[in-house]
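Below is one structure, written out as structure tokens; the observations come after it.
Bear in mind these aren't lab numbers, they're just calculated from the coordinates by the rules spelled out. What you see is a predicted model, and the numbers here were worked out from it, not measured in a lab. Note that each Cβ is placed from the backbone with ideal geometry, even for glycine, and that neighbours are counted across all protein chains shown.
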Amino acid sequence: MDPDEEPPVVIPKTKALGYLDDLVLFFKHSSDVCINPNELSVLQKLRHQVLKLHVNNLKQTTLDNFVQIL
């Protein structure tokens, strides 16, 4: 890695999910682009993984954590 190069910016899960949603819709409904169904399936699986991560991060882990926030 080049020492002058800045580290990559981490994209939030919600933003990545939005981008994946847009890509899936684009490829599903675009008549200009021919996409293999397997490739679309890969995009949908990636979207599902990001959604799962996002939902898991939203879950309350314990009642103690909830009480500490109050």
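Structure summary
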quantity: Leu25, Leu17 arranged by Cβ crowding within 10 Å, fewest neighbours leading; calculated: Leu25, Leu17
quantity: Per-residue HN-Hα couplings for region 40-51 [Karplus 6.51, -1.76, 1.60; θ = phi - 60°; Hz; x = Gly/Pro]; calculated: 5, 4, 5, 4, 5, 5, 4, 4, 4, 5, 5, 4
